[in-house]
Amino acid sequence: DSLPTGRNFHAVDGDILPTRIGYRLGEELARKSVAGSKSDKGSEGIILWASDAVRDEGVMVAFALAMMGAEPVWNARGIVTDVRLKPGVPRRDVIITTSGLFRDLYPNLNNLIDRAGRLALAASAAALLEQQPELKEALNAALGPLATAQWGRETVSDNRVAREWLNRLAALEQAGLPTKEAGRAAAQRIFGDAPGAYGTGVNRLTERSGAWRERDEIGRAYRNRMGHAYGLDVAGEAAHAAFAGGMTRVSVCNTARLGW
């Protein structure tokens, strides 16, 4: 089965990520990150790389899930079939940027993270709607990909996913987006290059010192390049307003890589 070579170009089956041990490690990293954080507001920025997912069996994917109070569902063969919320745990919000290779190899993991985030929002949706009935259209748009999800009554004070969705929604509406579009955009949390593109382009731009004068120009180039959304209902569409809104709320960036 392994010979001749040339037909076995794969490192790990993406359907088993994160593995059980990968999730345990990611959960531990999340616990340490929360314990060491001094911020009680904002989102956590997480960068996902394909090479790391191969080496650490999906630890950083697990980290993202655990931060939102979610965990994978594995079948008897160790294949991840779904994601579910852990009850009674605080939920942090995460904004993800992925490398182009991660996007290409592991769209299932992007969808897993997106599903976890929307489930976390749904966990407080009924409570939000009772307090603010005018949110119905925005919530329906945000939770459209989860047609059968139960709308729960978790308190927003313990659910930063819901709280940050509200903050992004308000900012997007203030910027002029209609309520329905703003609700959908506020729920997007995974961003990267346009389909078929790779890299942020920042390294090349910084080397061309004559092409820019202010550091803000490099930041704008990064936001423009990486402002494409991925998840359950998007596959690389331009979402620059959603990306800018998400990045504005990031208070901590996690780029940890495990050393073995």
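The values are calculated or read from the model by the stated rules, or taken from the named source; none is laboratory data. Nothing here was measured: the structure is a model prediction, and the numbers come from that model. Using ideal geometry, Cβ is built from the backbone for each residue, glycine included, and neighbour counts are taken over all protein chains shown. For accessibility, only protein heavy atoms count, side chains too; no ligands or nucleic acids. Shrake-Rupley method; radii C 1.70, N 1.55, O 1.52, S 1.80 Å.
Looking only at residues of the range 215-226 that are open to solvent by less than 70 Å² (accessible area, probe 1.4 Å) and either of a type outside the set (Gly, Ala, Ser) or touching a residue at least 12 places away in the same chain (Cβ under 8 Å) (or both), we find that the one that is nearest to Asn111 (Cα to Cα) is Met226. If you check Ala229 against the conditions, is it open to solvent by less than 60 Å² (accessible area, probe 1.4 Å), part of a helix (DSSP H, G or I) and in contact with a helix residue (DSSP H, G or I) (Cβ under 9 Å, 6 or more places away or on another chain)? Answer is no for this residue. Of the set (1) within 25 Å of Val234 (Cα to Cα); (2) in contact with a Leu (Cβ under 8 Å, 6 or more places away or on another chain); (3) not polar (S, T, N, Q), all apply to Arg103 but (2). Inside the range 153-180, residues that are in contact (Cβ under 8 Å) with a residue 12 or more places away in the chain and farther than 18 Å from Leu65 by Cβ make up a count of 14. Count of the range 126-155 residues, restricted to those that are open to solvent by less than 30 Å² (accessible area, probe 1.4 Å) and either closer than 21 Å to Val89 by Cα or within 21 Å of the chain's Cα centre (by Cα) (or both), is 11. Within the range 166-179, not a single residue is out of contact with any Asp or Glu (no Cβ under 6 Å at 6 or more places or on another chain), small (Gly, Ala, Ser) and more than 30 Å from Leu143 (Cβ to Cβ). Of the residues making up the range 107-125, those that are open to solvent by less than 10 Å² (accessible area, probe 1.4 Å), in contact with a helix residue (DSSP H, G or I) (Cβ under 8 Å, 6 or more places away or on another chain) and touching a residue at least 60 places away in the same chain (Cβ under 8 Å) number 6.
For Arg31, are the conditions met, namely being open to solvent by 80 Å² or more (accessible area, probe 1.4 Å) and either in a loop (DSSP other than H, G, I, E, B) or under 26 Å from Leu169 (Cβ atoms) (or both)? No; evaluated as a whole, the condition is false for this residue. Note on the range 171-214: residues that are surrounded by 12 or more Cβ atoms within 10 Å (Cβ to Cβ), assigned to a helix (DSSP H, G or I) and not small (Gly, Ala, Ser) total 9. Among the candidates Ala235, Ala187, Ala138, Ala171, the residue that is aliphatic (A, V, I, L, M) and in contact with a Ser or Thr (Cβ under 6 Å, 6 or more places away or on another chain) is uniquely Ala138.
Scanning for something crowded, with 20+ Cβ neighbours inside 10 Å, out of contact with any Asp or Glu (no Cβ under 9 Å at 6 or more places or on another chain) and at pLDDT 95 or above, does the range 73-93 turn up at least one residue? No - not one qualifying residue is present in the range 73-93.
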